[in-house]
Amino acid sequence: MQKAAQTYSTLLILCLTLITGCVSEPSSDDKGLKEVSSFPIGGAVEIRQVLQDSSLRSIILNNFNSITATSDMKMYAIAPRDSVYNWDKADSLVDFSQRNDLRLFGHTLVWHSGTPRWVFQKASEDSVWLGNFLKTYIQEYVGRYKGKVAAWDVVNEGFDTQGGEYRETLWYNKLGKEYIANAFRYAHEADPEADLFYNDFNLERDTAKLNGVLKMIEELKADNVPITGLGVQMHLRMDIPDSLIRESVRKMAATGLKIHFSELDIIFNRHDDTRGGGEQLYSRVTPEMLEEQAQKYETVAQIYREEVPEAQQFGITFWDFTDRDTWINPFFDLKDWPTIYDSELQPKPAYYGFRKGLSE
Ligand code: G3I
């Protein structure tokens, strides 16, 4: 039954790839984001949706020169069962990115929330197995896409939600903090040209967490671990002060690493960082709120250009770019409007604000 479903899914992706393979960039009077930006602009995408939805595809091809898979390249998608790899969606993403001249960013090799259940089960009986699996998984995966995936989030969210301590995940508990250094080493061995990132959230607002991550980066560099980039997710809230964001980004840039704003969105409401933990402060959005959001998007682009030296500007990626598809609403059980396109897929003031921030 599972096999039949997988075959069907492969066939569907193949057909859609063939149908949409020759899509070329639609013409537009307005310059898209990528055309006004001096660094790459990206969006998080789900390949099945991209191939099925031509409106979404137009937004991507007009505005982005980089894409990241929202979930298609996570461990639970690539290694759903013991000894089973499912490369279909990742292959299809590679194909789509190459046909359309998009940089493909690999998200993510090691993430506690992306780890499939069978790995937890197997590792609970055998830590040595987990160490070996980490190596073979990364080498096989990164090796397969050598030269096709430009960069990887090697480790995602290895620090606690708040404060400066390592997150006590399966990986940390079984393998110690060395799992991080080893993951970078394995990825570098498999593709020495790929940029390798550590990626985390709230670094722009939680100074203790940022300091913990910066200390880890210093240690990794001192040990010659091949880390070349720092990703800050940038799931922002309207009330996070611009001055705090600016100061944090300055500290990140001082590492000398490439800096990726890797999952940008900006919410009006609040949440406690847990699933279902939304606090609905605003039940509707007003034109004034949308203007303020536009201003914030503009400032974020300016902060990136002003605080990150050009050679370190890896790019800015939106995590979902329409209010129709945003992960925020289902995840936090909220109604919010965090992206640059509205639920009808029309550009919001936020879109124009961000574009202004890229060029002025
Ligand atoms: O694919 C299944 C589908 O078959 C099923 O019918 C459906 C029913 O729930 O679930 C689908 O899987 C969902 C998957 O996204 C693919 O769309 C999962 O339930 C859902 O939990 C999963 O959520 C993703 C989440 O990461 C967990 O992987 C979100 O879309 C994605 O936005 C989110 O992304 C994370 C970054 O990786 C790391 N930083 C935070 C960010 C937001 O949480």
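The values are calculated or read from the model by the stated rules, or taken from the named source; none is laboratory data. Since the model is a prediction, treat every value here as computed from it, not as a measurement. Positions of Cβ are generated from backbone atoms using ideal geometry, with glycine treated the same way; all protein chains shown enter the neighbour counts. Heads up: the accessible areas ignore ligands, DNA and RNA and are worked out on the full protein's heavy atoms, side chains in. Shrake-Rupley method; radii C 1.70, N 1.55, O 1.52, S 1.80 Å.
The figures follow:
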item: Unmet criterion (only one of (1) under 29 Å from Leu196 (Cβ atoms); (2) part of a loop (DSSP other than H, G, I, E, B)) for Gly276; result: (1)
item: The one condition in (1) closer than 19 Å to Phe64 by Cα; (2) open to solvent by 10 Å² or more (accessible area, probe 1.4 Å); (3) within 16 Å of the ligand (Cβ to nearest atom) that Phe314 fails to fulfil; result: (3)
item: Those residues of segment 239-260 which are without any contact (Cβ under 8 Å) to a residue 40 or more places away in the chain and in a helix (DSSP H, G or I), in sequence order; result: Ser243, Glu247
item: Filter result (within 20 Å of the chain's Cα centre (by Cα), assigned to a loop (DSSP other than H, G, I, E, B) and not aliphatic (A, V, I, L, M)) within segment 337-355; result: Trp337, Pro338, Thr339
item: Checklist (1) in contact (Cβ under 8 Å) with a residue 40 or more places away in the chain; (2) among the acidic types (Asp, Glu); (3) surrounded by fewer than 22 Cβ atoms within 10 Å (Cβ to Cβ) applied to Glu344, failing item; result: (1)
item: Residue within segment 155-163 that is away from the ligand (no atom under 15 Å from the Cβ), of a type outside the set (Ser, Thr, Tyr), open to solvent by less than 40 Å² (accessible area, probe 1.4 Å) and in contact with a helix residue (DSSP H, G or I) (Cβ under 6 Å, 6 or more places away or on another chain) present; result: yes
item: All positions within segment 321-341 that are in contact (Cβ under 8 Å) with a residue 60 or more places away in the chain, closer than 20 Å to Thr108 by Cα and open to solvent by 20 Å² or more (accessible area, probe 1.4 Å); result: Trp327
item: Any hit, segment 280-297, residues being on the phi < 0 side of the Ramachandran plot, out of contact with any strand residue (DSSP E or B) (no Cβ under 8 Å at 6 or more places or on another chain) and buried (at least 20 other Cβ atoms within 10 Å of the Cβ); result: yes
item: Out of Phe39, Phe96, sole residue that is open to solvent by less than 20 Å² (accessible area, probe 1.4 Å), more than 16 Å from the ligand (Cβ to nearest atom), not basic (Lys, Arg) and not in a helix (DSSP H, G or I); result: Phe39
item: Subset tally (residues that are under 21 Å from Phe314 (Cα atoms), within 16 Å of the ligand (Cβ to nearest atom) and either open to solvent by less than 10 Å² (accessible area, probe 1.4 Å) or acidic (Asp, Glu) (or both)) for segment 185-216; result: 7
item: Top-ranked residue in segment 99-128 [being within 22 Å of Leu61 (Cα to Cα) and not in a helix (DSSP H, G or I); ranked as farthest from the ligand (Cβ to nearest atom)]; result: Asp101
item: Check on Arg284, farther than 19 Å from Gln313 by Cβ and within 16 Å of the ligand (Cβ to nearest atom); result: no
item: Residues that are outside any loop (DSSP other than H, G, I, E, B), open to solvent by 10 Å² or more (accessible area, probe 1.4 Å) and among the β-branched types (Val, Ile, Thr), drawn from segment 67-91; result: Val84
item: Hits in segment 131-160 (condition: touching a strand residue (DSSP E or B) at 6+ places or on another chain (Cβ under 9 Å) and part of a loop (DSSP other than H, G, I, E, B)); result: Tyr145, Lys148, Val149, Ala150, Glu157, Gly158, Asp160
item: Pick from segment 125-154, criterion surrounded by 17 or more Cβ atoms within 10 Å (Cβ to Cβ) and among the hydroxyl-bearing types (Ser, Thr, Tyr), ranking: farthest from Asp95 (Cα to Cα); result: Tyr137
